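*Asks:* If you scroll down you'll find the structure; I have some questions about it.
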Amino acid sequence: ALRTLEGTAGPALSAAFDGGRYVGYGSDPGRWWINWREGLEDEQRMPWPAHARAHRQALARAYAHSETAARAALQAVLAAVPAGRHASADALLGGAHATLALARANDEPLDGSTHAGCPESAPTREARMAGADPPERSYGATVQRFLVYRDKPATSDATSSASAAHADLGLLTLAPPSTISALEVFEPWTGRLQHPEAELAKGEWLLFAGETLGFLTGGDVQAAIHRVPWVERGARPNRCAAPLFLRAAPWAVLRDPSGSIELTCRELMERHCVTRRPWRGVRRGGLSVGDW
């Protein structure tokens with residue numbers, strides 16, 4: 001599905017909203033990808049190239065099922081970690097739900113069904129579909145990134161990577177095994193590299209925390225610093241991966257365990273996570289113009 005979008009069709013399948021946030025095609029020197037958010041499955045909102053249209057349902061289903069699993073994982077983590085029990089998964093996620101996304105992926109009628117106790121009324125759906133919502137609500141906050149990794153450029157040096165060391169922004173990252181095991185995670189106390197993909201059994205996925213969950217738990221659950229080196233793939237196809245980044249809604253109120261610090265997810269992202277990290281480099285007027 002991804003390879004049919006590469007080239008001129010891919011860049012055409014992209015839309016910015018709410019500043020630097022976007023859906024659809026993206027790329028950097030090491031990879032290119034589709035940024036999938038709830039709402040992208042709707043053909044009326046963003047027409048797909050004819051040769052790739054048949055893959056829309058497959059990607060929508062993958063997102064819907066991954067989001068459901070990640071949501072359940074977040075509820076389990078918040079219940080298990082004492083420093084996270086003050087937080088509500090439903091409140092953090094702002095009522096975003098994959099049930100409607102999956103219904104659209106299956107071309108089923110939108111019948112007012114709910115997910116995690118968060119209904120969406122027919123007028124609300126109609127307004128959102130018509131583009132009447134505020135920009136931050138145009139698409140969902142959670143992102144599943146369907147990635148294709150490029151081959152190592154001849155001009156790259158020994159210190160470069162396909163994806164340089166960084167921490168993810170959101171609550172949790174849930175990732176099925178990639179087609180070529182390559183992910184490297186830095187052990188937080190020793191700095192040694194671990195290779196968790198190589199240890200996965202059949203049917204197992206990776207789950208690790210992002211910076212939002214780190215803030216909510218006062219650092220009891222730390223955001224994982226990780227990278228992907230250039231992959232020597234030989235005769236194999238390019239490495240593909242599909243991590244889902246479960247993210248709080250921009251308007252969700254975040255509190256640290258002590259209750260002394262309170263801010264919205266947008267404030268955490270724009271004032272801290274995407275402006276004060278060595279791996280987030282694009283800024284305008286003190287704020288990042290990138291995706292979050």
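The values are calculated or read from the model by the stated rules, or taken from the named source; none is laboratory data. Computed from a predicted structure; not experimentally measured. In this analysis, Cβ positions are derived from the backbone assuming ideal geometry, glycine residues included, and neighbour counts consider all displayed protein chains. For accessibility, only protein heavy atoms count, side chains too; no ligands or nucleic acids. Shrake-Rupley method; radii C 1.70, N 1.55, O 1.52, S 1.80 Å.
*Asks:* Quick check for you: with a 1.4 Å probe and neighbouring chains kept, what is the accessible area per residue of region 156-292, in Å²?
*Replies:* 50
*Asks:* OK, next. I need the semi-axes of the equivalent ellipsoid of region 9-99: take the C-alpha gyration tensor, multiply each eigenvalue by 5, square-root it, list largest first in whole angstrom.
*Replies:* Semi-axes, largest first: 30, 15, 13 Å.
*Asks:* Taking the full set of protein chains and a 1.4 angstrom probe, give the accessible area of Tyr149 in square angstrom, rounded to the nearest 10.
*Replies:* 20
*Asks:* Under the rule a/c < 1.5 gives rounded, and otherwise a/b versus b/c splits prolate from oblate, where does region 44-86 land using the Cα gyration tensor?
*Replies:* It comes out prolate by the Cα gyration axes.
*Asks:* Taking the full set of protein chains and a 1.4 angstrom probe, give the accessible area of Thr155 in square angstrom, rounded to the nearest 10.
*Replies:* Rounded to the nearest 10, the figure is 130 Å².
*Asks:* Oh, and also: If amide H atoms are built 1.01 Å from N in the plane of the peptide, which residues on other chains or at least 5 residues away come under 5 Å of the amide H of Tyr22?
*Replies:* Phe17, Trp292
*Asks:* Show me, for region 173-187, the HN-Hα J-couplings you get by feeding each phi into the Karplus relation (A = 6.51, B = -1.76, C = 1.60, θ = phi - 60°), rounded to Hz, glycine and proline as x.
*Replies:* Using θ = phi - 60°, the values come out as 10, 10, 9, x, x, 6, 6, 9, 4, 8, 4, 10, 10, 7, 5 Hz.
*Asks:* Another question, then. Please pull out the direction-averaged projected area of region 129-203, using the convex hull of its alpha-carbon atoms, in nm² to one decimal place.
*Replies:* Result: a mean projected hull area of 8.7 nm².
*Asks:* Now for a different question. May I ask you to order 190-196, 65-71, 254-260 by the average number of other C-beta atoms within 10 Å around their residues, highest value first?
*Replies:* Answer by packing, highest mean first, reads 65-71, 254-260, 190-196.
*Asks:* Simple spin-label model, 7 Å along Cα-to-Cβ: Lys152 to Ala58 in nm?
*Replies:* 3.0
*Asks:* What is the spread of the Cα atoms of region 203-269 along each of their three principal axes, largest first, in whole Å?
*Replies:* 55, 25, 23
*Asks:* Another question, if that's okay. Quick query: amide H of Ser163 versus all other amide H atoms, modeled in the peptide plane; which residues come in under 5 Å with a sequence gap of 5 or more or a different chain?
*Replies:* Sorted by chain and number, the residues that satisfy this are Val228.
*Asks:* Could you tell me which chymotrypsin sites (Phe, Trp or Tyr not before Pro) in region 168-212 are loop residues by DSSP with no more than 14 other beta carbons within 10 angstrom of their beta carbon?
*Replies:* Of the chymotrypsin sites (Phe, Trp or Tyr not before Pro), the ones in loops of region 168-212 whose Cβ has at most 14 other Cβ atoms within 10 Å are Trp189.
*Asks:* Another question, if that's okay. Name the residues whose placed amide hydrogens come within less than 5 Å of the amide hydrogen of Leu172, ignoring near sequence neighbours (fewer than 5 apart) on the same chain.
*Replies:* Gly210, Leu246
*Asks:* Give me the accessible area per residue for region 24-68, probe 1.4 Å, as a whole number in Å².
*Replies:* So region 24-68 comes to 38 Å² accessible per residue, rounded to a whole number.
*Asks:* Follow-up question, since we're still on this one. Leaving out ligands, DNA and RNA, what percent of the accessible area of region 186-292 is carbon and sulfur, probe 1.4 Å?
*Replies:* Summing carbon and sulfur atoms, their accessible area is 51 percent of the total for region 186-292.
*Asks:* Roughly to the nearest percent, how much of the accessible area of region 7-52 is carbon and sulfur, given a 1.4 Å probe?
*Replies:* 56
*Asks:* Which value, in debye to the nearest 20, describes the size of the charge dipole of region 10-88 about its Cα centre when Lys and Arg Cβ atoms bear +1, Asp and Glu Cβ atoms bear -1, and nothing else is charged?
*Replies:* In debye, rounded to 20, region 10-88 gives about 140.
*Asks:* When only DSSP loop residues count, what chymotrypsin sites (Phe, Trp or Tyr not before Pro) in region 216-261 have their Cβ near at most 14 other Cβ atoms within 10 Å?
*Replies:* Within region 216-261, the qualifying chymotrypsin sites (Phe, Trp or Tyr not before Pro) (loop, at most 14 other Cβ atoms within 10 Å) are Trp251.
*Asks:* Gap in Å between the Cα centre of region 216-279 and the Cα centre of region 11-82?
*Replies:* 16
*Asks:* In whole Hz, with x marking every Gly and Pro, tabulate ³J(HN,Hα) for region 79-93 from phi via Karplus 6.51 cos²θ - 1.76 cosθ + 1.60, θ = phi - 60°.
*Replies:* 6, 8, 9, x, 6, x, 6, 6, 9, 10, 4, 4, 5, 4, 7
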